[in-house]
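Okay, so here's the structure we're looking at.
Read-outs throughout are calculated quantities, based only on the coordinates presented, and are distinct from any laboratory measurement. From a predicted model like this one, the values you see are computed outputs, not experimental measurements. Cβ: placed from backbone, ideal geometry, glycine included. Neighbour counts: every protein chain shown.
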Amino acid sequence: MAVSGVNSTSTSYTPTVSATESTDDASAATLNYESFLKLLVAQMKNQDPTSPMDATQQIAQLATFSQVEQTIKTNKNLESLLQRTSLSEADAVIGKTVTSADGKTTGVVKEVKLYSDGIIAVLDTGKELVIGPGVKVK
């Protein structure tokens with residue numbers, strides 16, 4: 001099986017977040033969440049007893065930080081799932097005969113290049129074919 005992962009520079013490029021970026025974002029969110037909790041405790045320790053902090057605003061802020069953290073974790077998991085799905089799709093076409101939607105390009109897939117915006121099959125004829133809508137795989 002020959003699958004290579006390379007960033008695409010084509011005009012149909014769809015930006016995606018890499019697993020490393022997602023991990024960095026999740027770490028940053030956790031840091032911000034922990035920082036918020038430290039700030040909250042410091043505010044509570046140093047608040048004026050005659051004018052206490054508004055608990056509703058504190059809880060709203062805490063809920064917002066929690067939602068952001070969960071969203072980043074969800075995005076990281078979805079990115080990982082999309083990468084695995086793309087690899088499975090790429091593996092499934094190797095050795096198969098593919099025909100372009102217009103019927104002008106056909107051949108057996110010898111290698112697959114996996115880009116962030118799709119899969120390109122390298123055929124036994126040396127031509128490359130984007131695997132997408134209308135492409136027939138046999």
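Among Ile59, Ile119, what is the fewest-to-most ranking by other Cβ atoms within 10 Å?
Details: Ile59 10, Ile119 21.
The most exposed by this proxy come first: Ile59, Ile119.
Can you list which of the trypsin sites (Lys or Arg not before Pro) found in region 55-101 are DSSP loop residues with at most 16 other C-beta atoms within 10 Å?
Taking region 55-101 and a limit of 16 other Cβ atoms within 10 Å, the loop trypsin sites (Lys or Arg not before Pro) found are Lys96.
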Checklist entry - Per 5 Å bin from zero, what fraction in whole % of the C-alpha pairs of region 27-109 is there, up to the bin with the longest pair? => result 3, 11, 12, 12, 10, 8, 7, 6, 6, 6, 5, 5, 4, 3, 2, 1, 0
Checklist entry - Relative contact order, percent, of region 86-133 when contacts are C-alpha pairs under 8 Å separated by at least 6 residues? => result 29
Checklist entry - Cross-link partners among lysines for Lys110, C-alpha distance below 22 Å, same-chain residues fewer than 8 apart left out? => result Lys96, Lys127, Lys136, Lys138
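At R0 = 30 Å, how high is the FRET efficiency between Leu87 and Leu37 if r is their beta carbon distance? Nearest 0.05 is fine. Numbers along the way, then the final one.
Values: r = 39 Å, r/R0 = 1.29.
Efficiency, from the Cβ-Cβ distance: 0.20.
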Next on the checklist: What distance in nm lies between label points placed 7 Å from Cα along the C-beta direction at Val68 and Thr56?
Outcome noted: 2.3
Next on the checklist: Counting other beta carbons within 10 Å of each residue's own, what order do Glu34, Glu69 fall into, fewest first?
Outcome noted: Glu34, Glu69
